[in-house]
Each structure stands twice: as C-alpha cells, then as structure tokens.
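The values are calculated or read from the model by the stated rules, or taken from the named source; none is laboratory data. Keep in mind it's a predicted model, so treat the numbers as computed, not measured. Every residue, glycine among them, receives a Cβ derived from its backbone with ideal geometry; neighbour counts consider all protein chains shown. Just so you know, the surface numbers come from the protein's heavy atoms only, side chains and all, with ligands and any DNA or RNA stripped out. Shrake-Rupley method; radii C 1.70, N 1.55, O 1.52, S 1.80 Å.
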Amino acid sequence: MPATDNQGSFLNLISIRRNQLPSIETDQELEDLDLFQKHVGIRFSDILSSLSTTTATGSGDTPSSATADTDSPGAAAAPAIDKYIPPPPPPFLSINWFRTLLDTFLCCEAEFKAVLVSGRDPSQFSKPPLDRLIPDLLERAVKALDVCNAVSHGVELVRHWQKLGQIAAAALQQTPIGEGQVRRARKALATLLTSMALDDKENTAKSAAAKDRRGSFRSLSWSVAKSWSAAKQIQAMSTNLAAPRGAESTGLAMPIYIMSIILVFVMWALVAGVPCQERNGLATHLPVPKQLGWAQPMGGLLEKMGEEWKKKEKKGSGTGLLEEIQRMEKVAQSLIDFADSFVFPLEEEKAAEMAVQVAELAEICRKMEEGLAPLQQQVREVFHRMVRSRAEVLEVLEQVSKSSVPVPY
C-alpha cells in the first residue's frame with residue numbers, strides 16, 4: 001500500500017539522520033575548536049603587531065582624526081568620517097597595554113567556556129582525558145585567583161607612588177620656587193624611591209611595620225600569606241602543561257590546554273608588570289608551544305617581556321615592568337639630584353631643565369590616575385569571571401557525578 005511505502009521511507013529517513021547525528025556533532029566540534037584556535041592567534045597577534053606600530057609612531061599620542069586637506073578641491077565638503085584615523089595602540093607595557101591584555105584574556109575565556117560547555121554532552125567530562133585535564137584547569141584557576149588578589153594590591157601600591165609623585169610635582173610647580181618647596185618635593189620623592197627600592201617581600205609583608213618610617217603604608221597590607229610567593233605560584237601553575245597528542249589534539253583536550261597556556265601567560269605578565277609579593281626567581285621561560293600557530297604571537301610577547309625582565313633583574317630593580325613605573329623611577333631620581341644641588345636663587349638654565357622633568361612627572365601621574373583604577377577593576381573582573389566559570393564547570397561535574405550513581409532497586 002502507498003501508505004506503508006511512505007511510512008517505511010519516513011522511518012528510513014529517521015534512521016539515516018540518527019546515524020548522521022554523531023558525525024554532525026563531531027564536525028561542529030572540530031569547527032568550534034578550529035575557530036577558537038584561530039581567534040586566539042588573531043587576538044594575540046594584534047597585541048604583538050601593535051608593538052611595531054607603537055615604535056613607529058613614537059609615544060602613540062596622536063590625534064584621533066586627521067586634519068582635512070584644504071588644498072584639495074572639495075575638501076571642505078568631505079565628510080569627517082572619511083578622515084577618521086583610529087587611535088594608535090598603547091605603548092608596550094603601559095597601563096593601557098595591560099588593560100588590552102586583560103580584555104584579550106576575557107574574550108578568550110568567554111569563547112573557551114562556550115566551546116567547553118555549550119551544547120556538549122556532560123558525560124565527556126568523566127571520561128579520559130577530560131577527567132584529568134578539567135580538574136587541573138580548575139586548580140590553576142584557584143592559583144590564578146591568588147595572583148589576581150596580589151596584583152590588585154600591587155596596583156594599590158602603585159597608586160600610593162602616584163600620590164607621592166603628585167605631591168612632588170605640585171611643590172616644584174610653585175612660582176617662585178624656594179627651599180621650602182624643594183624640601184617638600186624631596187621628602188615625597190625620597191619616600192617614593194625608598195619604597196621602590198625595597199624588594200618585593202619588604203614591600204608587602206613588612207608594609208605595616210614600615211608605617212612608622214614612611215607614613216601611610218598600613219592600608220597596603222597584603223591579604224595573601226607572608227610565605228606566599230608570586231614566582232612559585234606561577235611555577236606551580238605551569239607544571240604538567242603538556243600539549244595533547246594523537247586523537248586528543250582534535251578533541252576538547254586542545255582548548256583546555258590552550259586556555260591553560262593563556263591563563264599562565266597572562267598571570268605571569270601581571271606579576272612581571274605590577275609589584276607583587278616575592279617575585280625573586282620569576283621564570284622567563286614558560287611552556288608556550290611556539291611551533292603551534294595560535295601560540296606564536298604569545299611566544300613573541302613572552303620573549304620581549306622576558307628580555308625586559310632580565311634587564312630589570314640586572315639593575316636590581318623590583319618595581320616591575322609597567323612603563324609608567326619605570327619612567328617615574330627615572331625622573332624621580334633625577335629630581336632628587338636636582339633637589340640635593342638646589343641653590344637659591346635658581347639659575348635660569350637649571351629652572352628650565354627642572355620644569356621639563358616636573359612636567360614629565362606630572363604627566364606620568366596623570367596617566368596613572370586615569371588608568372590605574374580601571375586596571376584594578378579589570379583585574380577584579382578577571383577574578384570574578386574565573387570564580388563564576390569555575391562554579392559553572394563544577395556544577396556540570398556534579399551533574400555528571402549524580403547521573404553516574406547507580407539507582408538502587
């Protein structure tokens with residue numbers, strides 16, 4: 001009968017589609033994994049390529065739009081949007097550069113969570129190799145939370161340096177300048193450089209004890225244990241990071257590995273850039289697989305930052321790689337030398353030289369005031385994002401655990 005033939009054709013179609021479902025899911029998973037790797041490579045490549053752009057444009061402080069070419073016919077009628085020039089990338093290791101890095105991390109983390117959880121069969125989490133890799137990733141996230149906490153307090157310390165710099169700049173901008181203003185500026189700069197000269201442990205664990213000597217460091221006490229070490233924390237996070245091989249390289253093991261590498265690199269960069277507790281022995285060689293396409297830009301950034309870190313270690317400076325900190329330290333030392341040799345009345349040549357340095361210090365403080373609070377907010381956002389993501393993955397693991405428990409009869 002025709003009805004029977006149609007029914008058979010319909011059942012056959014269902015059977016065919018059921019057989020095709022695993023293939024469709026596998027193809028979608030491979031596409032998601034490929035796009036994730038591609039996007040990671042593009043995001044970090046943008047950061048790496050911006051370094052050469054910054055070098056070519058100097059400080060990067062250029063106007064956001066070009067002036068219309070009034071010599072060409074019809075220039076006045078040209079719409080302003082046609083002349084728009086995007087702002088230059090932030091200088092390497094500046095506050096805004098680190099903010100860009102954290103933005104990149106948050107984008108990668110959001111996409112990773114979508115790849116790992118959205119539309120996946122939760123039972124995969126209880127099977128090898130995910131049953132081992134996911135707990136490892138969650139443990140790294142816990143260690144990263146400590147790093148974020150320490151970095152947030154490090155930013156708070158830099159904000160204290162900013163205030164000392166502002167005091168010095170305001171004193172030296174007085175006209176006419178006298179010995180009283182110079183003494184006030186020198187006191188603030190001496191406090192600033194003394195704090196910068198302390199090693200990481202002294203700038204943290206001993207901050208409360210330093211109140212009597214330096215005034216207002218009690219609020220900068222650290223919420224991590226006195227024995228906690230940022231260098232050892234990064235080292236612990238980077239252990240057992242091995243690239244997936246064979247069939248695992250085309251499954252969910254690969255995005256977990258990629259996200260682990262990103263997490264370790266970004267936390268390392270924050271520790272290197274911002275004053276953190278106990279950074280002595282901070283490694284500059286992380287297990288970033290430079291032979292893989294998505295990791296090459298990250299490897300390039302690691303190499304450049306590692307070179308800068310080694311230079312700082314040779315100088316014996318523990319202030320960090322943050323560009324504004326390095327510039328502040330340099331100009332503060334120069335102004336201390338000026339204060340030590342100050343003679344009233346001030347010679348015109350020396351006054352002009354001092355004015356340039358004071359203007360630079362004031363500009364550094366302005367950039368710190370504008371950028372440090374948003375940077376600290378981003379670090380906290382990274383902290384809370386990891387807490388939420390970890391809770392979501394743990395919830396999935398709990399569901400898998402409950403579903404695998406045999407029902408008693």
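Filter region 314-352 for residues that are part of a helix (DSSP H, G or I) and in contact with a Ser or Thr (Cβ under 9 Å, 6 or more places away or on another chain); which is farthest from ARG366 (Cα to Cα)?
Top of the filtered list is LYS350.
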(message) The conditions are (1) in contact (Cβ under 8 Å) with a residue 60 or more places away in the chain; (2) touching a helix residue (DSSP H, G or I) at 6+ places or on another chain (Cβ under 6 Å), and LEU282 fails exactly one of them. Which is it?
(response) (1)
(message) Quick check on my filter: what residues within region 83-127 are of a type in the set (Gly, Ala, Ser), at pLDDT 95 or above and either within 18 Å of ALA391 (Cβ to Cβ) or exposed (fewer than 14 other Cβ atoms within 10 Å of the Cβ) (or both)?
(response) ALA110
(request) Kindly indicate whether any position in region 346-356 is modelled with pLDDT of 95 or more and crowded, with 20+ Cβ neighbours inside 10 Å. (result) no
(message) Can you pull out every residue in region 357-379 that is small (Gly, Ala, Ser) and under 20 Å from the mean Cα position of the chain (by Cα)?
(response) GLY371, ALA373
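Let's see how each residue does on (1) within 18 Å of LEU189 (Cβ to Cβ); (2) open to solvent by less than 70 Å² (accessible area, probe 1.4 Å); (3) in contact with a Gly (Cβ under 8 Å, 6 or more places away or on another chain):
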| site | (1), (2), (3) |
| --- | --- |
| GLU363 | yes, yes, no |
| ARG366 | yes, no, no |
| GLU381 | no, no, no |
| VAL387 | no, yes, no |
| ARG390 | no, no, no |
| VAL393 | no, yes, no |
